[in-house]
Amino acid sequence: MKHVASFCVVFMLCFFLAACNNRSSHKISGDLVTNPKSATVNSGDEAIITFEKTEHDFGKLLQGEVVTCSFHFTNTGKAPLIISRVTTSCGCTVGEYPKEPIAPGDKGVIKATYDSKGHHGFQSRTLTVATNTNPATNTLRIKATVQTPDQF
């Protein structure tokens, strides 16, 4: 019984040492951690998304209305702009965006559609736009005050 226990201990020790050796060969550079300035400085050859506006107020809406607004942008950088996804803060909001790369100097539109069904009072929703820019995300906001028919 002592031999089985000793064998198990030796086996586990060998397994642990082999696992440690594998980890050391996969070291990651810490340049961005030790030099945070390099994480925020643009090299000049990147895509840059510039929005005409980042917020839209629909004003007063009748409960159940579905409304849409457009956020126009320009790629003011020197590389193609790629929008990988647009996520929304609520299922009542949908974001539509161009799936093709936007060339430097070209314009594009992100459409936000809001469904006020079941909502009441002041509403604020966000759309998070994930791109190949620095920073990698931009936030757009839509607002509305949803009223019932007797309030309208």
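Only the coordinates and a few stated rules stand behind these numbers; no lab work does. Everything numeric here is computed off the predicted structure, so don't read it as measured data. Ideal geometry is used to build each Cβ from the backbone, glycine not excepted, and the neighbour counts take in all protein chains shown.
For the set LYS99/LYS143; LYS78/LYS107; LYS60/LYS107; LYS111/LYS143, the pairs lying more than 20 angstrom apart at their alpha carbons are LYS99/LYS143; LYS60/LYS107.
Sorted fewest first by neighbouring Cβ atoms within 10 angstrom, LEU140, LEU62 come out as LEU62, LEU140.
Sorted ascending by nearby beta carbons within 10 Å, beginning with the fewest, PHE51, PHE71, PHE152 become PHE152, PHE51, PHE71.
Report the calculated FRET efficiency for LYS53 and THR148 (r = Cβ-Cβ distance, R0 = 25 Å), to the nearest 0.05. Walk me through the numbers before you get to the answer.
Values: r = 29 Å, r/R0 = 1.16.
So, using R0 = 25 Å, E works out to roughly 0.30.
In plain terms, the chain from GLU65 to THR139 could stretch by 24.3 nm, reckoned as 0.36 nm per residue minus the Cα-Cα distance. Using a cutoff of 8 angstrom between alpha carbon atoms and counting only pairs six or more residues apart, the relative contact order for segment 49-147 works out to 37 percent.
Work out, step by step, the length gained on full extension between THR76 and LYS107: first 0.36 nm times the residue separation, then minus their alpha carbon distance; give nm to one decimal.
Numbers: separation 31, 0.36 × 31 = 11.16 nm, distance 0.91 nm.
Taking 0.36 nm per residue and subtracting the Cα distance, the gain is 10.3 nm.
Just to verify a number: FRET efficiency for GLU46 and THR87, C-beta to C-beta distance, R0 = 22 Å, to 0.05? Efficiency for this residue pair is about 0.50.
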